[in-house]
Amino acid sequence: MDAFYQDYLARENHSIDEDVLDRALESLEGVALKFSSVFISDAKQRDNYNANVKRIKAQVLSQVKAGKVSVREGAEFCYEARNKIMAETRKNTSAPGRAIAEKKKVVSPALAELLDEKAIKRFGKKFVDLGVEQKKSMYYEIVESSARPNAGFNTLNKVLKTSGKVLIVVTIAYATYEVVNAENKQKEAIRQGVTIGSGVAGTALASLAVSTVCGPGAPFCAIGLMLAAGVASGWAASKIVDSLDEEIEEFTKWKIS
């Protein structure tokens, strides 16, 4: 085979690889855009979600260009992320589901004790004394604990595994938050229902306050507290806090209020 033909084949293969990856990246962004338009009503947070998806797209490209993942691995990561987002979209728009209980305005003492226990263990002070970012990291741990069965990625690449998982955990929180805070809560509760991880939030939402504790526009605070009742036993027994450090660091880049 002469040098010209070898060069031609190399360029052709490179072009095919780029096309495969481009389609995968576009597919991920397209599904994410659709999700955000349906489930994130706040324009600022919707823009933030989409900007982070673009950041993850750029991350995939940089990992491929650096030779840390192959084009095939990069494309598979994109399609896996797309499929997980689509699953959350379908899950939270299917009817009927278990009705979401009416939100209350009292935080259960058991949850308050658990939050304090975890806060002291991680930060050396009670939950109420934590800074905003420290509280967010704890909310992330709660949502992650519930989402864990559905948020893992097959890729061996540590960077993409972390950013991909955070993307799905954030997606789950936004989907839940939008349903819970729908204008017609009773109608939405009956029509949709909210499935988180392998269980249904259901009555876990009934015993916790979110409006008085979190205020408006705080999806991770609200969903973290709502979920805590349902996952408290597992979260209390969790020994993997340190392993979440990289995910929490990635989560801080999302700048969610």
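What follows is calculated from the coordinates using simple rules that are stated; it is not laboratory data. All figures in this text were calculated on a predicted structure; none of them were measured in a lab. Cβ: placed from backbone, ideal geometry, glycine included. Neighbour counts: every protein chain shown.
Among the listed pairs Lys34/Lys54; Lys135/Lys253; Lys68/Lys91; Lys118/Lys165, which are separated by more than 24 Å between their Cα atoms? Numbers along the way, then the final one.
Numbers: Lys34/Lys54 14 Å; Lys135/Lys253 15 Å; Lys68/Lys91 34 Å; Lys118/Lys165 22 Å.
Table pairs above 24 Å Cα-Cα are Lys68/Lys91.
For the stretch 119-183, which trypsin sites (Lys or Arg not before Pro) pass both filters: DSSP loop (anything but H, G, I, E, B) and at most 14 other C-beta atoms within 10 Å?
Values: sites: Lys121, Arg122, Lys125, Lys126, Lys135, Lys136, Lys158, Lys161, Lys165; in loops: Lys125, Lys126.
In loop regions of the stretch 119-183 (DSSP not H, G, I, E or B), the sparsely surrounded trypsin sites (Lys or Arg not before Pro) are Lys125, Lys126.
Rounded, prolate or oblate: which fits the stretch 18-61 when a ≥ b ≥ c are the square roots of the eigenvalues of the alpha-carbon gyration tensor, with rounded for a/c under 1.5 and prolate only if a/b beats b/c? Don't skip to the answer; put the middle values down first.
Working: a/c = 4.76, a/b = 1.93, b/c = 2.46.
It is oblate, given that a/c is not under 1.5 and a/b is not larger than b/c.
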